[in-house]
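Inspection log for the structure reproduced underneath, given as structure tokens.
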Amino acid sequence: MKDTLAGKIIQEHLVEGNPGPGQEIGLKIDQTLTQDATGTMVYLEFETLGLPRVLVQTAVSYIDHNIIQTDSRNFDDHRFLQSCAEKFGVILSPAGNGVSHHVHRERFGVPGQTLLGSDSHTTTGGCLGMLAIGAGGVEVALAMAGRPYHLMTPKIWGVRLEGKLQPFVSGKDLILELLRRHSCKGGIGKILEFFGPGVAGVSMADRAAVSNMAVDMGFTAGIFPSDAVTKDYLARNGREADWKELKAGPKPQWDQETTLDLSSLEPLVACPSNPDNVKPARELSDVEIQQVLIGSSANGSYRDFMVAAQMMAGKVKASTVDLQINPGSRQTLENVLAMGGLKLLVETGARICEAGCLGCIGMGQAPGTGIKSLRTFPRNFKGRSGTKDDEVYLCSPETAAASALTGRITDPRTLGTCPTVEYPKRFTFNESWFIRPAKDPLSVEIIRGPNIKPLPHFEPLPPTIDGEILLKVGDNVSTDAIMPAGSRVLPYRSNLPAISEFVFSGVEEGFSKRAQASGGGLIVGGENYGQGSSREHAALAPRYLGIKAKLAKSFARIHRANLINFGIVPLVFADAADFEAVAQGQKVRIEGIRQALEKGESQIPILVNGRKMLMRIEFSQRERKILLAGSVLNYAKRSG
């Protein structure tokens, strides 16, 4: 990683370990962010550490996911989060302020700093030249307590950009092209870093879209240089003082390098039901769509809405299309309004929603039965929208706007001349939209609604694990499948017993009851098990049900860490062929698992219905201690 931008930031923040292949390192974290779907658990976890205030430079709590108040529970969680923020020294961004990733880069992101967030799309901060990483909530709680963030030394994948994006082609098409070429698991264990002459022509909105979806390729982070584009963006936000130039050195040593000619890109669409199922928009003109959603975390920038508004100016959406606009932030909404874009969108027949994640997390905006939905969102996993048998396509704002007019997926290049977006000299903004921490933390009482339940205590790892294979699933199973979200489930995020009833409910209704009746057991998965959201509930809730271990061909980075942090042992098949031999209902015995971890073994034999198989148990010393303790909180309390 020598002379790479990401490598420089890692070296500047290194507090534990020596970077190298297979080596775990610990990084000092400058900033943290949480959002309400994960944040309630983060603050419950932070409370257990017994600190009066957070110990990072900047900590922000965002309310942007559970914002539909169908009963008292979400509002109760919001009051809990506000009181925690006031007491512990955290800035609160209330409901309506917008999606954490957009608001954070507008108001708080600083080039060269580290950002850790309890949302997988925290990687968006890389658009500013930050090392921005998504993680499980408990790791963010520990970072807020001043502890290092640990990860295996990532490889750095340099992508040299040449040429210039053509009209009607934008950042979403860039990241979809990388997904098309390299798949949703191509970036596991790596950081995506952009360099080269083409970078200067990539707008901040496009950089945000690319960095946002870097995690959907499996990348730990995605990062752009901090250059004239960054300086201009920070200046328009009144934050010139936060800018500094950052770029790779003259002789960067990439672990992998790719050259991409921006001028060769065309409008692309990710087809159901994975972001890497990508095809050119021009090949999908026979696909009729009945819902178009523009905005949310990947494409909720000022530029995204203004280009769509100008493309649709003087026209009306197709009568068969439900068109909805999700502003990325209140600031974006105000500035689109001031520049006339909102009027154009309203006149075209669009529904204007509040600033927030909304349909991206399945919080409303679920598509109807049998219809196809086209969205500028980052994910389209089956059922994530809130409709079990959904057909969700992902695209750029340009393709979304063109398709809303025609009622079918439309290559926007067929519409004529691409509009030029005009920017305000300064983005309008009101500092009072945020709630600052109390000066006297002792004066603040934390408000707890009846749905907020305390964290359970998890016992240390037993000497031997015995159990039944409760479920076997295939490749690329997402955390949405393990622990669903949406308006029915999200309100239980602060209530572990209640939310645990929904584990794998989209795969098998009643799975949780079967798991509890069996006294726990094991789960088997294929490649890239646990991709997608950073939600630690996908590990925490199975642990609550008694799941002791998970067997897979490979694990997604964040989910693997979450499993370890809550005492579930992630075992990897030494021989992938053994995956085919295991089945639901078989009995598994992992004898001597505790001793094997204590001794530093890298493999362990297990018995599946009496058949011997070999599993890899490749963990750092710190990870082994966490597993032995039963959870990272147990370990943290013992280690001080």
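The values are calculated or read from the model by the stated rules, or taken from the named source; none is laboratory data. Predicted model, so just to flag it, every value in this text is computed and none were measured. Ideal geometry is used to build each Cβ from the backbone, glycine not excepted, and the neighbour counts take in all protein chains shown.
May I ask you to list the residues in segment 1-45 that are modelled with pLDDT under 95 and of a type in the set (Lys, Arg)?
The one that is modelled with pLDDT under 95 and of a type in the set (Lys, Arg): Lys2.
All but one of (1) over 23 Å from Leu470 (Cβ atoms); (2) more than 29 Å from the chain's Cα centre (by Cα); (3) surrounded by 14 or more Cβ atoms within 10 Å (Cβ to Cβ) hold for Arg638, so report the exception by its number.
Looking at each condition in turn, Arg638 falls short on (3).
Could you check Ser533 against (1) farther than 23 Å from Pro456 by Cβ; (2) under 21 Å from the mean Cα position of the chain (by Cα); (3) crowded, with 23+ Cβ neighbours inside 10 Å and say which number it fails?
(1)
Can you pull out the residues in segment 483-505 that are assigned to a helix (DSSP H, G or I), more than 26 Å from Arg638 (Cα to Cα) and among the aliphatic types (A, V, I, L, M)?
Val489, Leu490, Ala498, Ile499
Quick check on this structure: which one of Lys625, Lys612 is within 18 Å of Phe458 (Cβ to Cβ) and among the charged types (D, E, K, R)?
Working: Lys612 fails: within 18 Å of Phe458 (Cβ to Cβ).
Only one candidate qualifies: Lys625.
Picking from Gly359, Gly349, Gly364, which residue would you name as being within 24 Å of the chain's Cα centre (by Cα) and part of a loop (DSSP other than H, G, I, E, B)? Show your work before the answer.
Details: Gly359 fails: part of a loop (DSSP other than H, G, I, E, B); Gly349 fails: within 24 Å of the chain's Cα centre (by Cα).
Of Gly359, Gly349, Gly364, the one residue that is within 24 Å of the chain's Cα centre (by Cα) and part of a loop (DSSP other than H, G, I, E, B) is Gly364.
Filter segment 495-512 down to the residues that are more than 27 Å from Ala576 (Cβ to Cβ) and in contact (Cβ under 8 Å) with a residue 40 or more places away in the chain and list them by number. Full working, then the answer.
So the first thing to find is which residues in segment 495-512 are more than 27 Å from Ala576 (Cβ to Cβ), and the list is 495-502, 505, 509-510, 512.
Those that are more than 27 Å from Ala576 (Cβ to Cβ) and in contact (Cβ under 8 Å) with a residue 40 or more places away in the chain: Asn495, Leu496, Pro497, Ala498, Ile499, Ser500.
Looking for whichever is touching a strand residue (DSSP E or B) at 6+ places or on another chain (Cβ under 9 Å) and assigned to a loop (DSSP other than H, G, I, E, B) here; the options are Asp480, Asp475, Asp466. Which one fits?
On the way: Asp480 fails: assigned to a loop (DSSP other than H, G, I, E, B); Asp466 fails: assigned to a loop (DSSP other than H, G, I, E, B).
Going through Asp480, Asp475, Asp466 in turn, just one is touching a strand residue (DSSP E or B) at 6+ places or on another chain (Cβ under 9 Å) and assigned to a loop (DSSP other than H, G, I, E, B): Asp475.
Considering segment 589-606 alone, what residues qualify as being under 11 Å from Thr464 (Cβ atoms) and either of a type in the set (D, E, K, R) or surrounded by fewer than 15 Cβ atoms within 10 Å (Cβ to Cβ) (or both)?
Within segment 589-606, Arg589, Glu591, Arg594, Gln595 meet the criteria.
For segment 388-409, which positions are over 22 Å from Ser301 (Cβ atoms), at pLDDT 95 or above and part of a loop (DSSP other than H, G, I, E, B)?
First, pick out the residues of segment 388-409 that are over 22 Å from Ser301 (Cβ atoms): 388-391, 406-409.
In the following step, the residues that additionally are at pLDDT 95 or above were identified as 390-391, 406-409.
Correct list: Asp390, Gly407, Ile409.
Looking only at segment 27-55, filter to residues that are in contact with a strand residue (DSSP E or B) (Cβ under 7 Å, 6 or more places away or on another chain) and surrounded by fewer than 21 Cβ atoms within 10 Å (Cβ to Cβ); which one of those is nearest to Glu12 (Cα to Cα)?
Filtering segment 27-55 for residues that are in contact with a strand residue (DSSP E or B) (Cβ under 7 Å, 6 or more places away or on another chain) and surrounded by fewer than 21 Cβ atoms within 10 Å (Cβ to Cβ), the one nearest to Glu12 (Cα to Cα) comes out as Lys28.
Working carefully through the options Glu24, Glu86, Glu16, find the one that is over 19 Å from His150 (Cα atoms) and among the acidic types (Asp, Glu).
Values: Glu24 fails: over 19 Å from His150 (Cα atoms); Glu16 fails: over 19 Å from His150 (Cα atoms).
Being over 19 Å from His150 (Cα atoms) and among the acidic types (Asp, Glu) holds for just one of Glu24, Glu86, Glu16, which is Glu86.
Taking segment 516-530 only, how many residues are within 22 Å of the chain's Cα centre (by Cα) and surrounded by fewer than 24 Cβ atoms within 10 Å (Cβ to Cβ)?
Initially, segment 516-530 is screened for residues within 22 Å of the chain's Cα centre (by Cα), giving 525-530.
Narrowing the set further to residues that are surrounded by fewer than 24 Cβ atoms within 10 Å (Cβ to Cβ) leaves 526-528.
Result for segment 516-530: 3.
Restricting the first residue to segment 141-168 and requiring it to be farther than 19 Å from Glu257 by Cα, which pairs with a second residue that is among the small types (Gly, Ala, Ser) and assigned to a strand (DSSP E or B) meet a Cβ separation below 8 Å and a spacing of at least six or different chains?
Partner pairs satisfying both residue conditions: Met144/Ala59; Pro148/Gly26; Tyr149/Gly26; His150/Gly26.
Of the residues Leu374, Leu358, Leu442, which single one is aliphatic (A, V, I, L, M), outside the structural domain of Ile175 (by TED's automatic domain parsing) and touching a helix residue (DSSP H, G or I) at 6+ places or on another chain (Cβ under 8 Å)? Explain how you work it out, then say what you get.
Details: Leu358 fails: touching a helix residue (DSSP H, G or I) at 6+ places or on another chain (Cβ under 8 Å); Leu442 fails: touching a helix residue (DSSP H, G or I) at 6+ places or on another chain (Cβ under 8 Å).
Of the residues listed, the single one that is aliphatic (A, V, I, L, M), outside the structural domain of Ile175 (by TED's automatic domain parsing) and touching a helix residue (DSSP H, G or I) at 6+ places or on another chain (Cβ under 8 Å) is Leu374.
Run down Asn299, Asn335 and say which single residue is in contact (Cβ under 8 Å) with a residue 40 or more places away in the chain, touching a Phe, Trp or Tyr at 6+ places or on another chain (Cβ under 9 Å) and either of a type in the set (A, V, I, L, M) or not in a loop (DSSP other than H, G, I, E, B) (or both). Working first, answer last.
Details: Asn299 fails: either of a type in the set (A, V, I, L, M) or not in a loop (DSSP other than H, G, I, E, B) (or both).
Just a single option satisfies the conditions, and that option is Asn335.
Any residue that is buried (at least 24 other Cβ atoms within 10 Å of the Cβ), of a type in the set (Val, Ile, Thr), modelled with pLDDT of 95 or more and not assigned by TED's automatic domain parsing to the domain that holds Ile294 - is there at least one of those in segment 180-197?
Yes; the residues of segment 180-197 include at least one that is buried (at least 24 other Cβ atoms within 10 Å of the Cβ), of a type in the set (Val, Ile, Thr), modelled with pLDDT of 95 or more and not assigned by TED's automatic domain parsing to the domain that holds Ile294.
State yes or no: is Arg207 outside the structural domain of Gly359 (by TED's automatic domain parsing), among the basic types (Lys, Arg), within 25 Å of Gln166 (Cβ to Cβ) and assigned to a helix (DSSP H, G or I)?
In short, yes.
Of the numbered conditions (1) surrounded by fewer than 24 Cβ atoms within 10 Å (Cβ to Cβ); (2) in a loop (DSSP other than H, G, I, E, B); (3) touching a helix residue (DSSP H, G or I) at 6+ places or on another chain (Cβ under 9 Å), Lys513 satisfies every one except a single condition; which is it?
The number of the failed condition is (2).
Taking the conditions exactly as written (within 29 Å of Met217 (Cα to Cα) and touching a helix residue (DSSP H, G or I) at 6+ places or on another chain (Cβ under 9 Å)), does Val608 satisfy them or not? Let's see the steps before the verdict.
Numbers: within 29 Å of Met217 (Cα to Cα): no; touching a helix residue (DSSP H, G or I) at 6+ places or on another chain (Cβ under 9 Å): yes.
So Val608 fails the test.
With (1) free of Cβ contacts under 8 Å to residues at least 40 places away in the same chain; (2) within 30 Å of Ser533 (Cα to Cα) as the list, and Lys388 as the residue in question, which single condition is left unmet?
(1) is the only condition that Lys388 fails.
Test of understanding: among Thr410, Thr376, Thr387, Thr406, which residue is in contact with a strand residue (DSSP E or B) (Cβ under 7 Å, 6 or more places away or on another chain) and surrounded by 16 or more Cβ atoms within 10 Å (Cβ to Cβ)? Before you say what the answer is, go through the steps one by one.
Details: Thr410 fails: in contact with a strand residue (DSSP E or B) (Cβ under 7 Å, 6 or more places away or on another chain); Thr387 fails: in contact with a strand residue (DSSP E or B) (Cβ under 7 Å, 6 or more places away or on another chain); Thr406 fails: in contact with a strand residue (DSSP E or B) (Cβ under 7 Å, 6 or more places away or on another chain).
Thr376 is the lone residue from the list that is in contact with a strand residue (DSSP E or B) (Cβ under 7 Å, 6 or more places away or on another chain) and surrounded by 16 or more Cβ atoms within 10 Å (Cβ to Cβ).
Within segment 115-134, how many residues turn out to be of a type outside the set (Asp, Glu) and either surrounded by fewer than 24 Cβ atoms within 10 Å (Cβ to Cβ) or over 12 Å from Ser226 (Cβ atoms) (or both)?
In the first step, residues of segment 115-134 are kept if they are of a type outside the set (Asp, Glu); the result is 115-118, 120-134.
Within this subset, residues satisfying the condition of being either surrounded by fewer than 24 Cβ atoms within 10 Å (Cβ to Cβ) or over 12 Å from Ser226 (Cβ atoms) (or both) are 115-118, 120-124, 132-134.
Qualifying residue count, segment 115-134: 12.
Evaluate the following for Leu344: is it more than 29 Å from the chain's Cα centre (by Cα), crowded, with 19+ Cβ neighbours inside 10 Å, part of a helix (DSSP H, G or I) and not β-branched (Val, Ile, Thr)? Break it down into steps so the answer makes sense when it comes.
Values: more than 29 Å from the chain's Cα centre (by Cα): yes; crowded, with 19+ Cβ neighbours inside 10 Å: yes; part of a helix (DSSP H, G or I): yes; not β-branched (Val, Ile, Thr): yes.
Judged against the criteria, Leu344 is a match.
Return the pairs, sorted by first residue and then second, in which the second residue is surrounded by 14 or more Cβ atoms within 10 Å (Cβ to Cβ), the first residue lies in segment 513-524 and is hydroxyl-bearing (Ser, Thr, Tyr), the beta carbons are less than 7 Å apart, and the residues are 6+ apart or on different chains.
If the second residue must be surrounded by 14 or more Cβ atoms within 10 Å (Cβ to Cβ), the pairs left are Ser518/Glu468; Ser518/Leu470.
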